[in-house]
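Notes to accompany the following structure.
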Amino acid sequence: MSNIIFFAVLGVVMYVVIRISNNKPILPSFNKESNNEQAVKYKKNNPREKVKDIELEEEPDPFKEFLSEVKEIKHHMLRYKDNTFVMYTEVEPVNYFLLSQTEQESIDVTFETWLAQTNYNVQFYLQNRYVDLSEPIKKMQETMVNAENLHQNAITFGESMVENLLIWQHNSPIFETKRYLIFSHKINTAEITADNEEELEEKIVDKAFAELHRRVNAAKNQLSKARMEVQLLTNEGIADILYHAFNRRRAVKNRFKDFGDHEMLSSYVTADQDDVHIDLVKEAIRENEEEEKQREKSA
């Protein structure tokens with residue numbers, strides 16, 4: 001009898017020690033409410049549960065933020081709503097390190113002279129793009145198709161080379177750097193007199209274009225002495241820069257040039273329509289532009 005009592009007491013002591021070591025109550029049936037309170041407390045403090053209650057913030061859209069201040073791209077200029085005009089030029093660089101010491105010094109002097117004479121805002125913009133081999137590949141394919149008396153082995157070699165170029169471009173893309181000079185100028189409308197809004201708008205655009213074009217010509221004439229060609233970009237060229245800036249990876253597959261070839265840059269549908277339909281569409285566009293101007297004035 002004494003042995004039974006001894007083992008019973010020993011079992012109770014071991015049970016108590018195990019429950020205490022595991023941070024558990026000795027009598028769980030009496031602590032049901034406390035367990036429920038701990039469960040509720042854990043649920044309130046659980047970060048996973050909080051995620052469901054928190055509204056996700058909208059991710060910033062740099063393209064949307066940039067275009068919020070842009071009014072239009074027209075007359076070879078990007079125009080902001082505060083009448084700041086921007087003109088873009090592309091610069092073809094010179095292979096500086098292949099020139100002699102005298103030629104390098106001449107280029108340095110010419111470039112430094114242009115910088116010293118410039119007393120207005122000029123920005124240097126470098127844009128890295130994926131190299132697009134679609135045009136060279138297209139020319140190679142046209143050459144193989146149009147070539148007469150071309151040996152079959154040559155055709156097979158050309159086809160395999162084109163295939164290898166496509167695979168190489170897809171698996172090992174490389175970059176090329178485009179170099180741009182950006183000129184900006186803000187027009188003060190208080191200095192311009194006009195009889196109506198249409199005349200005022202025309203004078204604003206003419207004044208901005210004349211000033212920016214003068215700056216572009218000065219850079220073009222000066223940098224040409226340093227063997228650097230400066231070319232003024234059109235509206236399409238400005239849109240091309242912006243497209244590659246915000247779609248660097250996508251621009252390889254969805255090329256900006258293809259948009260123009262497929263007439264996707266038109267203001268309205270360019271399918272065959274009668275003159276009445278085209279006039280109605282143009283009138284709708286003018287009405288929308290006038291409504292936007294009235295909203296800007298009221299704002």
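The values are calculated or read from the model by the stated rules, or taken from the named source; none is laboratory data. In this text the structure is predicted, and so the values were computed from the model without any measurement. Here the Cβ is made from the backbone with ideal geometry for all residues, glycine too, and neighbour counts use every protein chain on show. For accessibility, only protein heavy atoms count, side chains too; no ligands or nucleic acids. Shrake-Rupley method; radii C 1.70, N 1.55, O 1.52, S 1.80 Å.
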Expected vector for region 225-237, Karplus 3J(HN,Hα) from phi with 6.51, -1.76, 1.60 and θ = phi - 60°, integer Hz, x for Gly and Pro, equals 5, 9, 6, 10, 8, 10, 10, 6, 8, 7, 4, 5, x
Compactness of region 68-188, expressed as Rg and Dmax over alpha-carbon positions, Å | 22.4, 68
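Please work out the FRET efficiency for the pair residue 141 and residue 81, using the Cβ-Cβ distance as r and a Förster radius of 35 Å; give the result to the nearest 0.05. Walk me through the numbers before you get to the answer.
On the way: r = 46 Å, r/R0 = 1.32.
E between residue 141 and residue 81, to the nearest 0.05, is 0.15.
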Length released on extending from residue 171 to residue 102, taking residue separation times 0.36 nm less the Cα-Cα span = 20.6 nm
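Going from most exposed to least, what order do 215, 179 have by accessible area with a 1.4 Å probe? Present the calculation step by step, with values, prior to reporting the outcome.
On the way: 215 20, 179 90 Å².
Descending accessible area places them as 179, 215.
Beta carbons within 10 angstrom, averaged per residue: use that to sort the peptides 226-238, 135-147, highest first. Don't jump to the answer; show the numbers that get you there.
Numbers: 226-238: 16.8, 135-147: 11.8.
Listed from highest to lowest mean packing, they are 226-238, 135-147.
Summing Lys, Arg as +1 and Asp, Glu as -1, what charge do residues with Cβ under 12 Å from the Cβ of residue 141 carry, residue 141 excluded? Spell out each step's value before the answer.
Working: positive: 138, 139; negative: 135, 142, 159, 163.
Cβ neighbours under 12 Å give a net charge of -2.
Packing-wise, with mean Cβ within 10 Å as the measure, how do 200-213, 79-92 rank, highest first? Mind dumping the intermediate values first?
Details: 200-213: 15.9, 79-92: 18.0.
In decreasing order of mean packing, 200-213, 79-92 become 79-92, 200-213.
How long are the semi-axes of the equivalent ellipsoid of region 166-256, taking √(5λ) for every eigenvalue λ of the Cα gyration tensor, in whole Å from largest down?
Numbers: eigenvalues 267, 79, 15 Å².
Ellipsoid half-lengths, sorted descending, are 37, 20, 9 Å.
Going down the list 253/282; 178/257; 178/293; 74/178; 138/257, which pairs span over 24 Å between their C-alpha atoms? Intermediate results must be reported in sequence, preceding the final value.
Working: 253/282 33 Å; 178/257 16 Å; 178/293 36 Å; 74/178 22 Å; 138/257 14 Å.
Distance filter (> 24 Å) returns 253/282; 178/293.
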